[in-house]
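Okay, structure first, notes after.
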Amino acid sequence: MNADSPGRIVLLTASHRVAPGLLSWPAWQTLHAADRVLCPDEHHPQLPYLREAGVAVEHGRPSAQDLVEACAGGQTVVVLPSGEGDTTLTDGLARLAGSGRVAMPDLELLPGSYDLPGARLLDLVQVMDRIRRECPWSSRQTHKGLAKYGIEEAYELVEAIEDGDRDELREELGDVLLQVVFHARIAEEYEDADEAFSIDDVAGTIVEKLIHRHPHVFGDAHAETPEDVKEHWLRTKAIEKQRESVTDGVPLGQPGLALAAKLAGRVRTAGLEVEPPSGEGIGYELLALAVRAEAAGVDPEAALRAAGRAYRDAIRAAEGTDA
């Protein structure tokens with residue numbers, strides 16, 4: 001150890017989204033080799049695991065000057081900031097370094113753990129849990145009461161996609177995700193414990209479904225084209241659902257053009273010869289148009305929305321409000 005060395009300060013951070021105690025090997029090496037380990041938060045979630053590993057931790061909230069002095073003589077001091085960080089300490093260290101009057105220790109920021117992809121979803125679950133418990137409106141909502149918002153948010157997402165607005169797309173995806181998390185949180189409170197479920201159950205179900213329906217990715221099956229993939233998906237889905245009719249599972253409450261196109265797609269995929277019914281009135285004309293669009297690979301709902309937007313623009317132009 002060099003007595004003239006200003007030493008070393010290590011700010012050891014850890015993600016609150018990663019289970020306490022799961023620190024990187026460099027972090028454990030640094031903790032064991034440090035001359036002192038300081039933590040201002042006596043309830044820091046890492047403390048029980050550090051004690052179990054034989055790392056002595058001192059509680060206290062040192063100032064920037066205190067830390068610099070503690071490092072004198074080549075000492076290494078590790079600081080575990082709280083989950084919110086310690087801007088007072090880091091700002092103080094920056095001021096001392098900028099003054100030019102202090103021999104500053106080496107300053108190192110050492111991440112002890114990193115957020116994995118999807119880690120912010122944990123924040124969403126925690127925030128939703130608190131809102132459900134404490135918000136007078138959210139705490140009273142039910143699946144049925146929220147159903148209309150799910151439909152609205154889905155349409156707003158489609159609009160953002162069709163408009164090509166990336167900022168809106170990100171926001172609307174978040175709104176749709178909120179609906180999923182909200183419903184899952186409500187489902188935890190179901191009176192019959194056997195029928196209650198959580199967001200983890202929801203995620204687990206879709207993970208199992210995706211793996212099962214992608215045998216060309218997770219199994220031994222082969223798929224070279226999108227058509228091969230669709231064939232795998234439909235075959236696996238048919239085995240899972242054990243449906244009596246190709247129309248089973250088609251929601252009749254969806255918009256009319258989408259419903260007609262979905263039925264036409266089921267008929268075509270199944271290889272059935274079913275002529276659309278004919279009759280008097282605009283409904284049958286629209287049905288024929290929807291079937292024709294589906295056969296041509298056109299989404300009739302999207303096509304009508306595009307035409308509707310053009311109509312809206314024409315109206316605004318006639319009003320003089322287009323710009």
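The values are calculated or read from the model by the stated rules, or taken from the named source; none is laboratory data. Just so it is clear, the structure is predicted and the values come from calculations on it, not from any experiment. All Cβ positions, glycine included, derive from the backbone under ideal geometry; neighbour counts span all protein chains shown. These accessible areas exclude ligands, DNA and RNA; they are computed on the full protein's heavy atoms, side chains included. Shrake-Rupley method; radii C 1.70, N 1.55, O 1.52, S 1.80 Å.
Provide the descending list of Cα extents for the range 32-95 along its principal axes, expressed in whole angstroms.
36, 29, 13
How much length is gained on full extension from D200 to S15, taking 0.36 nm per residue of separation minus their Cα-Cα distance?
Contour length minus the Cα-Cα distance gives 64.6 nm.
At 25 °C and a viscosity of 0.890 mPa s, what translational diffusion coefficient does Stokes-Einstein give for the range 62-140, taking Rh as the Kirkwood radius over Cα pairs? Give it in µm²/s as a whole number. Mind dumping the intermediate values first?
Values: Rh = 16.1 Å.
Stokes-Einstein gives a translational diffusion coefficient of 153 µm²/s.
Just subtract the alpha-carbon distance of Y190 and D91 from 0.36 nm times their residue separation and send over the number in nm, one decimal.
Numbers: separation 99, 0.36 × 99 = 35.64 nm, distance 4.88 nm.
Gain on stretching Y190 to D91: 30.8 nm.
In a solvent-free Debye calculation with one equal scatterer on each Cα, what is log10 I(q)/I(0) for the range 252-296 at q = 0.19, 0.22, 0.28 Å⁻¹, listed in the order of the q values?
-0.54, -0.72, -1.07
Expected output is a single nm value to one decimal: the length gained when fully extending between Q65 and Q254, i.e. 0.36 nm times separation in residues minus the C-alpha distance. What is it? Walk me through the numbers on the way to the answer.
Details: separation 189, 0.36 × 189 = 68.04 nm, distance 6.65 nm.
My answer for the length gained is 61.4 nm.
Using bins 5 angstrom wide from zero, how does P(r) for the range 1-109 break down, in % of all Cα pairs?
2, 12, 24, 25, 19, 12, 5, 2, 0
Return one quarter of the surface area of the convex hull spanned by the alpha-carbon atoms of the range 208-323, equal to its mean projected area, in nm².
Directional mean of the projected Cα hull area for the range 208-323 stands at 11.4 nm².
May I ask you to give the percent of accessible area on the chain that is carbon plus sulfur, with a probe radius of 1.4 Å?
Whole-percent figure for carbon plus sulfur exposure: 56.
With viscosity set to 1.306 mPa s and temperature to 10 °C, compute the Stokes-Einstein D of the range 266-323, Rh being the Kirkwood radius across alpha carbon pairs; µm²/s, no decimals.
Result for D is 116 µm²/s.
Report relative contact order for the range 161-262 in percent, whole number only (criteria: Cα-Cα under 8 Å, sequence separation at least 6).
Relative contact order here is 12 percent.
Within the range 251-273, what residues put their amide N at less than 19 Å from the label point 7 Å along the Cα-to-Cβ vector of I151?
Those under the cut-off are 251-263.
Would you tally the net charge around P276, using a Cβ to Cβ cut-off of less than 15 Å, leaving P276 out, and scoring K and R as +1, D and E as -1?
Local net charge: -1.
All other residues with a Cβ under 15 Å from the Cβ of D35 taken together, and with Lys, Arg as +1 and Asp, Glu as -1, what is their net charge?
On the way: positive: R8, R36; negative: E58, D66, E69, D106, E108.
Combined, the nearby Lys, Arg, Asp and Glu give -3.
Tally Lys/Arg at +1 and Asp/Glu at -1 over every other residue whose Cβ is under 10 Å from the Cβ of R61; what's the total?
-3
Mind ordering 267-274, 111-118 by average Cβ neighbours within 10 Å, highest first?
Result, highest mean first: 111-118, 267-274.
Kirkwood hydrodynamic radius, computed over distinct alpha-carbon pairs, for the chain: how many Å, to one decimal?
For the chain, inverting the mean 1/r across all distinct Cα pairs yields 26.2 Å.
Between T247 and E134, what FRET efficiency follows from the Cβ-Cβ distance if R0 is 56 Å, with the result rounded to 0.05?
In this case the efficiency is close to 0.80.
Explain nothing, just the number: relative contact order of the range 1-97, from Cα pairs under 8 Å at least 6 residues apart, as a whole percent.
That works out to 45 percent.
Determine the relative contact order of the chain: mean sequence separation of Cα pairs under 8 Å and six or more apart, normalised by residue count, in whole percent.
14
Could you provide, to the nearest whole Å², the per residue accessible area of the chain with probe 1.4 Å?
That works out to 66 Å² per residue.
Using a 10 Å cut-off on Cβ atoms, rank the peptides 70-78, 30-38, 49-57, 16-24 from the highest mean neighbour count down.
In descending order of packing, they fall as 70-78, 30-38, 16-24, 49-57.
Give me log10 I(q)/I(0) at q = 0.24, 0.25 Å⁻¹ for the range 191-271, Debye formula, one equal scatterer per alpha-carbon, no solvent.
Each listed q corresponds, in turn, to -1.14, -1.16.
Ranked highest first by the average count of other Cβ atoms within 10 Å around their residues, in what order do 183-194, 216-227, 281-292 fall?
281-292, 183-194, 216-227
Quick check: the angle from helix 282-295's long axis to the longest principal axis of the chain, C-alpha only, nearest 10 degrees?
Once rounded, one gets 60 degrees.
Once you put a point 7 Å from the Cα of A270 and another 7 Å from the Cα of E227, both along the Cβ direction, what distance in nm separates them?
Computed distance between label sites A270 and E227 equals 2.2 nm.
Which value, to two decimals, describes the C-alpha radius of gyration of the range 133-275 once divided by 2.2 N^0.38 Å?
For the range 133-275, the normalised Cα radius of gyration comes out at 1.29.
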